[in-house]
Every structure is written in C-alpha cells, then in structure tokens.
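I have placed the structure first, in the form of structure tokens, so that the comments after it can refer back to it.
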Amino acid sequence: MIPFNKPYTTKEEIINIAKAIESGKLAGDGSFTIAVQQLMENRYGFNKSLLTTSCTDALEMSALLANIDSNSEVIIPSYTFVSTANAFALRGAKIVFADS
C-alpha cells in the first residue's frame with residue numbers, strides 16, 4: 001500500500017508538544033509561534049511575519065486584504081475544500097471553478 005500522507009518527524013515533536021502544554025499557551029503567541037515568526041523574518045528578510053491557525057484563516061485574511069467584494073471574481077480549483085470558496089463567497093465575490 002502506498003501511504004497518502006506520511007509526515008516527516010524528528011522525534012522532537014513529543015518533547016515540543018509537552019513544552020507547549022506546560023507553558024499553557026496553546027492558542028498562539030507562545031514561544032514556538034514567536035520563534036517561527038522570527039525565523040521567517042530573519043531567514044527570508046520579511047518585515048513582519050504573522051502565523052495563522054489554519055489555511056482557512058489565511059484565506060479569510062487574504063480576502064479582506066485584497067478588498068474582495070461583490071465586484072470581484074475569484075477563480076478557484078473545482079476540487080478543493082469548501083472553505084476555499086467560502087472565504088470569498090462570504091464577501092459576495094463571484095466564484096469561478098476551474099479544473100486543475
């Protein structure tokens with residue numbers, strides 16, 4: 001059987017999960033979030049890096065930042081999660097599905 005998704009692990013995951021739980025900060029802005037933001041800024045030269053809790057949140061933010069409204073047309077893959085379309089449909093955009 002060919003696995004659909006086999007994540008790469010380093011064996012540090014359990015230790016880091018325990019550290020996060022012990023810190024009491026599980027919803028963001030904890031030490032791991034801050035470390036990743038700083039890594040992104042330093043390694044790639046970003047002025048500011050902010051992490052989202054999901055791709056859905058990132059799509060919602062991008063729709064807001066792009067000023068998507070009822071005059072907008074957004075092309076998305078026809079085979080995707082409903083939240084892909086939802087981020088733009090909630091702002092009144094015309095959704096166009098394209099085969100990819």
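The values are calculated or read from the model by the stated rules, or taken from the named source; none is laboratory data. Since we're looking at a predicted model, the values are computed, not measured. Using ideal geometry, Cβ is built from the backbone for each residue, glycine included, and neighbour counts are taken over all protein chains shown. For the accessible areas, the whole protein counts, side chains as well, though only heavy atoms, and no ligand, DNA or RNA atoms are used. Shrake-Rupley method; radii C 1.70, N 1.55, O 1.52, S 1.80 Å.
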Confirm whether Tyr79 is in the same structural domain as Ile95 (by the TED database), modelled with pLDDT of 90 or more, open to solvent by 80 Å² or more (accessible area, probe 1.4 Å) and of a type in the set (Phe, Trp, Tyr). yes
Go through segment 1-44 and give me each residue that's of a type in the set (Val, Ile, Thr) and more than 24 Å from Asp57 (Cα to Cα). Ile2, Thr9, Thr10, Ile14, Ile15
Would you mind telling me which numbered condition in (1) among the small types (Gly, Ala, Ser); (2) free of Cβ contacts under 8 Å to residues at least 24 places away in the same chain; (3) at positive phi Gly28 fails? (2)
Got a number for residues in segment 11-59 being open to solvent by 70 Å² or more (accessible area, probe 1.4 Å) and either in contact with a strand residue (DSSP E or B) (Cβ under 6 Å, 6 or more places away or on another chain) or assigned to a loop (DSSP other than H, G, I, E, B) (or both)? 12
May I ask you to list the residues in segment 60-85 that are under 13 Å from Ala98 (Cα atoms) and assigned to a loop (DSSP other than H, G, I, E, B)? Ser78, Tyr79, Thr80
Residues in segment 56-100 that are in contact with a Lys or Arg (Cβ under 9 Å, 6 or more places away or on another chain) and among the β-branched types (Val, Ile, Thr): how many? 2
